[in-house]
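Inspection log for the structure reproduced underneath, given as structure tokens.
The values are calculated or read from the model by the stated rules, or taken from the named source; none is laboratory data. Predicted, not measured: the structure shown is a model, and the values here were computed from it. Heads up, the Cβs are rebuilt from the backbone with ideal geometry, glycines too, and the neighbour counts pull from every protein chain shown. Only protein heavy atoms, including side chains, enter the accessible area calculation; ligands, DNA and RNA are left aside. Shrake-Rupley method; radii C 1.70, N 1.55, O 1.52, S 1.80 Å.
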Amino acid sequence: MDVIVEGIRKAFHLLVALDPEVLGITALSLEVSGAATLVSLLLGISIGTAIALTSFPGKKIVVSVVNTGMGLPPVVVGLFVSIFLWRNGPLGFLGLLYTPTAIVIAQAIIATPIVMGITIAAMQHLPPALKLQILALGATRAQMVWMLIKEARLPLMAGVMAGFGGVISEVGASIMVGGNIRGYTRVLTTATVMETGKGNFDVAIALSLILLVLSLAINYLLTVVQQRDRPR
């Protein structure tokens, strides 16, 4: 119990003192996770919408693969991204391994199936006749898709929160592809693991509390936006 109390005190001290290293780690966590979430939204919503609104052979298999990807182990993603970005790997010439960009790539791969799966479910939950009604009013196919996305915005916002939550709390892939380099690729989760391994439980608890508060704040803002658009 004393360790937890000391961790809370340490977290408060680090925040009030505006510790440069902690602020840098927090900022990098927001930067890479925000970028990964944005990439996952662009890919997940577009591909998920296309899958949901299109009929093709093997659709159930594709949806099953997407749903399986929603539980993709981060360490598996980290392993394969590391292999591809390794010096002798297919993309080694890019020199991205152990950089923030590598973390963004790994986290985007983790979040995209989450967003895609929720998008497919949200779009398929809409009334089947709605698409025909929109087209009957003279809308183009692009306009119809946009209107369907707007109609499904509430569950899609849940997809945003799920995708962001999945990457901001991820640790395995970030360590594997980022290397946990101080001042360069160290984020809140990897720093917490490192401090725990060193036996600095007060600092580890402080970092984990900062991560929890950060996640709560971001999800609260997203929830406010989601509930504001909720039908009355």
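Values as computed for the structure displayed
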quantity: Highest to lowest packing among 92-102, 111-121, scored as the average C-beta count within 10 Å; calculated: 111-121, 92-102
quantity: Between the range 126-156 and the range 158-180, the alpha-carbon center distance in angstrom; calculated: 32
quantity: Qualifying lysines (Cα of each under 23 Å from Cα of K59; at least 8 residues distant if same chain); calculated: K131
quantity: Dipole axis of the chain (+1 Lys, Arg; -1 Asp, Glu on Cβ), positive-most option in Q133, V104, I47; calculated: Q133
quantity: Two-site FRET efficiency, T54 against V225, from Cβ-Cβ distance with R₀ of 30 Å, rounded to 0.05; calculated: 0.55
quantity: Spatially proximal lysines relative to K198 (Cα-Cα < 18 Å; intrachain offsets below 8 disregarded); calculated: K10
quantity: Answer label for Cα Rg over 2.2 N^0.38 Å (calculated), chosen among [x] 1.10; [y] 1.02; [z] 1.17; calculated: [z]
quantity: In Hz, Karplus ³J(HN,Hα) per residue of the range 106-115 (6.51, -1.76, 1.60; θ = phi - 60°; x = Gly, Pro); calculated: 4, 5, 5, 5, 5, 7, 4, x, 5, 5
quantity: C-alpha long axis of helix 74-85 to longest principal axis of the chain, angle in °; calculated: 90
quantity: Cβ-derived FRET efficiency at R0 35 Å, I61 paired with R9, nearest 0.05; calculated: 0.05
quantity: Mean accessible surface per residue for the chain, computed with a 1.4 Å probe while every protein chain stays in place, in Å²; calculated: 55
quantity: Two-site label geometry, E31 and A136: point separation in nm, points 7 Å out along Cα→Cβ; calculated: 5.3
quantity: Karplus 3J(HN,Hα) series, Hz, for the range 18-35 with 6.51 cos²θ - 1.76 cosθ + 1.60 (x for Gly, Pro); calculated: 6, 4, x, 5, 5, 5, x, 5, 5, 4, 5, 4, 5, 5, 6, 5, x, 5
quantity: The chain, accessible surface, carbon-and-sulfur percent (1.4 angstrom probe); calculated: 71
quantity: Peptides ranked, highest mean first, by Cβ atoms within 10 Å: ranges 47-53, 59-65; calculated: 47-53, 59-65
quantity: Student exercise, the chain dipole from Lys, Arg, Asp, Glu Cβ charges, in Debye to nearest 20; calculated: 840
